[in-house]
Amino acid sequence: MAKIPSVTLSSCGDDILTMPIIGMGTSSYPRADPETAKAAILEAIKAGYRHFDTAYSYGSEQDLGAAIAEALRLGLINSRNELFITTKLWASFADKDLVLPAINASLRNLGVEYIDMYIIHWPFKFGKEVKSMPIERDLVQPLDIKSVWEAMEECKRLGLARGIGVSNFTCKMLEELLSLAKIPPSVNQLEMSPAWQLKKLSHFCKSKGIHVTAYSPLGAARTKWGDDRVLGSDVIEEIAVAKGKTTAQISLRWVYEQGVSIVTKSFNKERMRQNLDIFDFCLTEEELEKMSHLPQRKGVTFASLIGPHDIVLEIDAEL
Ligand code: A2P
């Protein structure tokens with residue numbers, strides 16, 4: 001079984017919270033049926049994954065919960081404590097009075113008593129419960145970060161979340177959050193890949209002790225918002241051939257060498273194992289240099305999930 005390094009997260013008080021560097025993403029597009037998702041998660045546990053990333057909005061919390069129960073029954077793990085579970089506060093519940101009910105709903109979906117990392121999914125809120133996209137533009141409203149973060153802090157104080165963090169937050173948003181937080185965010189989960197390098201934002205996070213976790217490190221291949229800029233890159237392919245690795249492994253290794261952890265999704269047994277096998281080689285200075293000049297995506301694309309009413313958040317990335 002693969003051995004995966006861990007990172008110790010800051011801002012967790014007396015609790016020493018260590019997170020495996022590679023997590024399995026459970027968001028699938030189009031959405032996998034629950035049995036397929038559960039089987040893939042069990043396969044991932046067998047392969048050595050111990051960090052799982054889900055979100056209320058992915059609809060995969062229940063699949064993960066079912067897989068955890070089955071893994072315990074089968075003896076693949078001895079206790080839920082062996083796993084690191086991240087889930088996210090959906091934008092419809094990004095309101096001070098809705099945070100506690102939301103985390104409790106996620107805990108019920110997962111069938112666990114605590115979440116390892118609870119993060120604010122998006123830096124805005126929706127004006128009502130949104131179950132499908134696209135939504136009307138005026139339902140997207142600013143987040144009252146002070147009151148929502150206080151409720152996130154309460155989740156930690158109550159022991160419902162061991163750590164709290166954010167996702168898709170820019171430098172400016174983080175400055176504001178840091179100015180008012182009693183418990184600073186441990187993590188900022190960001191879309192990051194060789195084709196979306198986020199140099200300025202990731203350096204900023206590092207300077208503030210906020211750990212970055214990269215989602216879509218393979219460029220969200222085969223989704224409607226991603227593209228093959230990463231997996232189809234000739235430059236990465238050339239490095240992969242020289243090293244006897246795949247383009248996916250070179251891309252994941254590049255992310256890891258930025259001091260960043262990774263959540264990547266594969267429901268395919270061979271590819272999910274391949275994605276853990278990145279710790280037996282290093283990229284050379286020359287290879288890193290070549291990769292630093294890869295064509296970058298223009299603009300902010302995570303907002304394209306919202307469909308024709310794209311919200312363009314100015315992620316202050318140095319492209
Ligand atoms: P699949 O589940 O069929 O393996 P990202 O992590 O950037 O969001 O990318 C996820 C996409 O990349 C999924 O569609 C996944 O498909 C695919 N993928 C994951 N790992 C690999 C790999 N090692 N090689 C090729 N494609 C991969």
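Quick one: plug the Kirkwood hydrodynamic radius of the chain (C-alpha pairs) into Stokes-Einstein at 37 °C, 0.692 mPa s, and report D in µm²/s. Don't skip to the answer; put the middle values down first.
Values: Rh = 19.8 Å.
In µm²/s, the coefficient rounds to 166.
Given the C-alpha centroids of the stretch 79-153 and the stretch 8-72, what is the distance between them in whole angstrom?
17
Which residue fluctuates most in the GNM of the chain (Cα springs below 10 Å): Lys46, Lys131, Lys172?
Lys131
Springs between alpha-carbon pairs under 10 angstrom, Gaussian network model over the chain: which of Asp14, Asp277, Asp63 fluctuates most?
Asp14
If you stretched the chain out fully between Glu175 and Asp144, how much longer would it get, using 0.36 nm times the residue separation minus the C-alpha to C-alpha distance?
Full extension of this stretch gives 9.7 nm more.
With springs connecting C-alpha atoms under 10 Å apart, model the chain as a Gaussian network and identify which of Ser11, Ser179, Ser28 has the largest mean-square fluctuation.
Checking each option, the largest mean-square fluctuation is seen for Ser179.
Sequence neighbours fewer than 8 away in the same chain don't count; with that in mind, list the lysines whose C-alpha is under 18 Å from Lys38.
Once the sequence-local lysines are set aside, what remains near Lys38 is Lys46, Lys265, Lys269.
Here are some pairs, Lys243/Lys290; Lys206/Lys243; Lys88/Lys172; which of them have Cα atoms lying more than 18 Å apart in this structure?
From the list (Lys243/Lys290; Lys206/Lys243; Lys88/Lys172), the Cα-Cα distance tops 18 Å for Lys206/Lys243; Lys88/Lys172.
Taking Cα centroids, how far is the stretch 160-231 from the stretch 258-284 in Å?
18
For Glu82 and Leu158, compute 0.36 nm times the residue count separating them, minus their Cα-Cα distance, and round to one decimal in nm.
Going from the current span to full extension adds 25.3 nm.
Starting from 0.36 nm per residue, how many nanometres of slack lie between Asp234 and Asn104 once their C-alpha separation is accounted for?
Result for the pair: 42.2 nm of gain on full extension.
Computed from the coordinates by the stated procedures, all read-outs in this text should not be read as laboratory data. What you see is a predicted model, and the numbers here were worked out from it, not measured in a lab.
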